[in-house]
1. Given a Förster radius of 22 Å and the C-beta distance between ASP16 and ARG127 as r, what FRET efficiency does 1/(1 + (r/R0)^6) yield to the nearest 0.05?
2. Ignoring any ligand, DNA or RNA, what whole percent of the accessible area of the stretch 13-134 comes from carbon and sulfur when the probe is 1.4 angstrom?
3. Which residues make up the longest stretch of the chain that has no GluC sites (Glu not before Pro) in a DSSP loop with at most 16 other Cβ atoms within 10 Å?
4. Hey, can you find the accessible area per residue of the chain for me, probe 1.4 Å, expressed in square angstrom?
5. Taking the inverse of the average 1/r across all pairs of different Cα atoms in the chain, what Kirkwood radius in Å do you get?
6. Using only alpha carbon positions, build the gyration tensor of the stretch 1-82, then give the equivalent ellipsoid semi-axes as the square roots of 5 times its eigenvalues, largest first, whole angstrom.
7. Is there a pair in LYS73/LYS104; LYS104/LYS188; LYS44/LYS188 whose C-alpha atoms are over 31 Å apart, and which pairs would that be?
8. Based solely on its DSSP helices, what 222 nm [θ] is calculated for the chain when runs of n ≥ 4 H residues each add -39,500 (n - 2.57) and the sum is averaged over all residues, nearest 500 deg cm²/dmol?
Amino acid sequence: MTFSIVVADDHPMLLDGICGLLAAAGHDVKARCLDGQQAREAIKQFEPDIAILDIHMPETSGIDLLREARRDKWKTRIVILTASLDPQPIMAALQLRADGLILKGAGGDTMLKCLERVMDGEQWLDRDAMHQIVDQIGKPIDRPLELTPRETEVARLVSLGSRNKEIARELDISEGTVKMHLHNLYEKLSVSSRTELAILVRDKGLS
């Protein structure tokens with residue numbers, strides 16, 4: 001499966017590397033952008049399947065564009081690229097429901113897998129980033145957990161960084177059932193992302 005993609009990063013060497021990786025994998029790189037304004041124009045012009053956006057760019061950041069995408073209901077899926085584990089912008093990306101979050105130090109295979117999962121409708125969160133952010137921002141929460149045994153298993157696997165397909169395989173259930181359990185967990189625990197769920201699971205000692 002190939003996708004149309006816009007890539008934006010203010011470091012030319014990294015930008016060239018990502019675009020070269022994507023092109024070699026057969027994806028259609030519509031535009032390579034050095035700042036957020038160029039990225040916005042390219043996204044509106046080409047309406048790509050995915051936009052890979054650096055979290056920090058001059059004038060208009062990846063977070064700014066993600067916020068605009070959610071406000072204006074862009075069809076393009078947004079993957080945020082970050083070199084920093086600064087909790088504030090990463091939490092902003094998660095609260096805005098970024099379709100993907102990936103570290104710049106991740107391997108090429110990880111980047112390509114992220115894009116596939118995002119196009120399948122999943123939210124991809126880099127495992128290393130999620131673990132480190134959970135450690136940095138986790139705070140004790142006195143929220144009672146009233147979960148079924150299966151919901152507890154799903155929550156525990158999410159906290160370990162498992163994707164929906166991996167959870168389904170581990171528990172011998174369908175991906176649709178995993179999504180149903182996640183929906184119930186979000187509703188019961190008043191969380192809106194896998195990272196928030198992982199923080200809560202860790203604080204309650206279920207991981």
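1. After rounding, the FRET efficiency stands at 0.25.
2. 46
3. Here the longest run is 60-145.
4. 49
5. 17.6
6. In descending order the semi-axes read 18, 15, 9 Å.
7. LYS104/LYS188; LYS44/LYS188
8. -16500 deg cm²/dmol
The values are calculated or read from the model by the stated rules, or taken from the named source; none is laboratory data. Note that the structure is a prediction, hence the values are computed from the model and not measured. Please note: Cβ atoms are built from the backbone with ideal geometry, for glycine as well, and neighbour counts cover all protein chains shown. Heads up: the accessible areas ignore ligands, DNA and RNA and are worked out on the full protein's heavy atoms, side chains in. Shrake-Rupley method; radii C 1.70, N 1.55, O 1.52, S 1.80 Å.
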